[in-house]
Ligand SMILES: NS(=O)(=O)/N=C1/NCCO1
Ligand SMILES: [Zn+2]
């Protein structure tokens with residue numbers, strides 16, 4: 001059967017272009033964000049996250065990351081502002097991380113990587129009928145990226161890390177209701193924004209990226225709980241700890257990064 005993509009020696013990011021040629025395209029993500037080369041754009045509207053009516057449904061291990069999915073059947077939880085033409089609907093969020101004490105973010109800032117990166121995935125439901133269709137359009141998706149750095153415990157992240165034992169194996173799903181990701185935001189919503197892609201196959205060039213400048217702080221202990229997840233299914237022989245599930249920065253190819261702040 002076709003070998004599926006992953007983050008290992010035999011199926012990792014450097015090989016994805018074989019099944020997904022767009023991997024070598026002109027608007028791939030992530031990128032290294034160089035603040036001194038980003039231009040402040042006063043016309044960028046502030047980011048607004050209207051998540052108060054959001055409805056989380058479940059938490060699952062898809063063999064690549066841990067994902068919390070939302071009911072996106074109406075506009076109850078949307079992001080707007082930035083360079084977005086209209087509100088985009090929250091569909092899911094997930095994380096990327098490294099191994100103990102190492103880096104794991106996808107975007108970097110002037111070459112600095114963070115221990116992890118949270119992605120809140122939204123889609124343009126005003127213009128497209130389904131997420132799948134939007135994911136193939138240049139203005140179809142918007143992903144909000146938030147860096148994680150280590151320090152004290154994050155006071156709300158335990159709601160997620162306490163549920164990870166339920167989704168240790170690929171294919172496991174567990175109820176996860178009543179979680180509002182607003183509790184995972186830093187105090188400043190200053191951001192960079194640029195046109196890019198999904199950072200996982202199929203790598204569609206359909207994402208308007210919004211990356212917050214200020215990281216949130218989580219403890220090494222909390223990060224350790226992500227690393228007890230495994231890439232493999234419960235029945236598989238291969239046992240591999242879920243870590244280093246990040247793609248490295250891709251060529252900018254002439255793209256401009258805008259900043260919402262001076
Ligand atoms: N890392 S990412 O760019 O958010 N990738 C995806 N894939 C499906 C949804 O988000
Ligand atoms: Zn992601």
Checklist entry - Working from the pairwise distances between different alpha carbons, so that the mean of 1/r is found and then inverted, what is region 2-44's Kirkwood radius in Å? => result 13.1 Å
Item to check | Compactness relative to 2.2 N^0.38 Å, alpha carbon Rg of region 16-121 | outcome: 1.27
Next on the checklist: Test of understanding: in a Gaussian network model of the chain with alpha carbons linked when under 10 Å, which of 243, 69, 220 would top the mean-square fluctuation ranking?
Outcome noted: 220
Next on the checklist: From the gyration tensor of the Cα coordinates in region 97-142, what semi-axes in whole Å does the equivalent ellipsoid have, largest first, with each one equal to sqrt(5λ)?
Outcome noted: 31, 11, 7
Checklist outcome for this item: Here Rg/Rh (Cα, Kirkwood) for the chain equals 0.93
Item to check | Cα centroid separation, region 1-45 to region 68-102 (Å) | outcome: 18 Å
Checklist outcome for this item: Among 38, 163, 110, the residue with the largest mean-square fluctuation in a Gaussian network model of the chain built from Cα contacts under 10 Å is 110
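Could you compute how fast region 64-156 diffuses translationally, taking Rh as the Kirkwood radius over C-alpha pairs and applying Stokes-Einstein at 4 °C with viscosity 1.567 mPa s? Give it in µm² per second. Mind dumping the intermediate values first?
On the way: Rh = 14.6 Å.
Reported coefficient: 89 µm²/s.
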Checklist entry - Counting other C-beta atoms within 10 Å, which of 183, 54 has the fewest, and how do the rest follow? => result 183, 54
Item to check | Theoretical ellipticity at 222 nm over the chain - DSSP helices of four or more residues, -39500 (n - 2.57) apiece, nearest 500 | outcome: -1500 deg cm²/dmol
Checklist entry - Most fluctuating residue of 178, 82, 196 in a GNM of the chain with Cα springs under 10 Å: which is it? => result 178
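At 4 °C and a viscosity of 1.567 mPa s, what translational diffusion coefficient does Stokes-Einstein give for region 146-262, taking Rh as the Kirkwood radius over Cα pairs? Give it in µm²/s as a whole number. Don't skip to the answer; put the middle values down first.
Numbers: Rh = 16.8 Å.
D, rounded to a whole number, is 77 µm²/s.
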Checklist entry - What span do the alpha-carbon atoms of region 144-186 cover on each of the three principal axes, reported in whole Å from largest to smallest? => result 30, 21, 20
Next on the checklist: Order these by the 10 Å Cβ neighbour count, fewest first: 103, 94, 119.
Outcome noted: 103, 94, 119
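None of the figures in this text is laboratory data; all of them are computed from the coordinates on show. Quantities reported herein were computed from a predicted structural model and do not represent experimental measurements. Neighbour counts run over all protein chains shown; Cβ positions are idealised from the backbone, glycine included.
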